[in-house]
């Protein structure tokens, strides 16, 4: 799934079957002729409209049906608002969202991911803007954005590695505790079986009219358990 960015001014988006037909006007400055681009609806999970572009009602309805959000930015990339489909009735999803909301560690991880995404989007916009202008200031800003992204990714990876190591250590400790407990249960069960076997042996010998000393009973039971 991908995000469809509408950055060409005066673009018109219409629904055509299972696709969105994006009509781009001619660009007199570059000599580019008018052209149409088809984008399969199934590949779109979000649309970002920057500046003056038009989506028809059928196109918007098709996107809402496929649960694809539409975000509107002004010409300079400032957020203005968005359209979103009806909320999901998935109870497990709501519980997971609430759990993330009250977990400080996940709050920080999500915040970092948001900042990383914002920086990545800014870098993409700078790249696109500088294709025509070749402005040195934009190139410098793009480089700085790349540094921010690399630093954020390194921090996220570091935290992820630490969390993974902690989880591995906790799992190992719990596994060792479980093995210890299982060994104790086995030892206790063996002792119980041995005691029952001794009592049973004595009762059988007595029922047959014989006698057996404790040493002989213990030796016989031990031999039987080993065999």
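The values are calculated or read from the model by the stated rules, or taken from the named source; none is laboratory data. All values derive from a computational prediction rather than experimental measurement. Note that we place each Cβ from the backbone using ideal geometry, even for glycine, and neighbour counts take in every protein chain shown.
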Inset, instruction - Give the number of residues within the range 1-26 that are in contact (Cβ under 8 Å) with a residue 12 or more places away in the chain and more than 16 Å from residue 75 (Cβ to Cβ). - result: 16
Inset, instruction - Return yes when residue 100 is in contact with a helix residue (DSSP H, G or I) (Cβ under 6 Å, 6 or more places away or on another chain), within 23 Å of residue 122 (Cβ to Cβ), modelled with pLDDT under 90 and surrounded by fewer than 16 Cβ atoms within 10 Å (Cβ to Cβ) and no when it is not. - result: no
Inset, instruction - For the range 1-23, enumerate the residues that are part of a strand (DSSP E or B), more than 18 Å from residue 65 (Cβ to Cβ) and over 32 Å from the mean Cα position of the chain (by Cα). - result: 11, 12, 23
Inset, instruction - May I ask you to list pairs of residues, at least six apart or on different chains, whose Cβ atoms are under 9 Å apart, with the first in the range 162-174 being in contact (Cβ under 8 Å) with a residue 60 or more places away in the chain and the second being surrounded by 10 or more Cβ atoms within 10 Å (Cβ to Cβ) and assigned to a helix (DSSP H, G or I)? - result: none
Legend entry - Yes/no for residue 50 being under 29 Å from residue 127 (Cα atoms), surrounded by 10 or more Cβ atoms within 10 Å (Cβ to Cβ) and in contact (Cβ under 8 Å) with a residue 12 or more places away in the chain: yes
Legend entry - Where a residue in the range 63-77 is closer than 23 Å to residue 40 by Cα and its partner, wherever it lies, is modelled with pLDDT under 90 and not in a strand (DSSP E or B), with Cβ under 6 Å and at least six apart: 64/85; 67/85; 69/84
Legend entry - Residues that are in a loop (DSSP other than H, G, I, E, B) and under 24 Å from the mean Cα position of the chain (by Cα), drawn from the range 66-102: 66, 67, 68, 84, 85, 86, 87, 88, 89, 90, 102
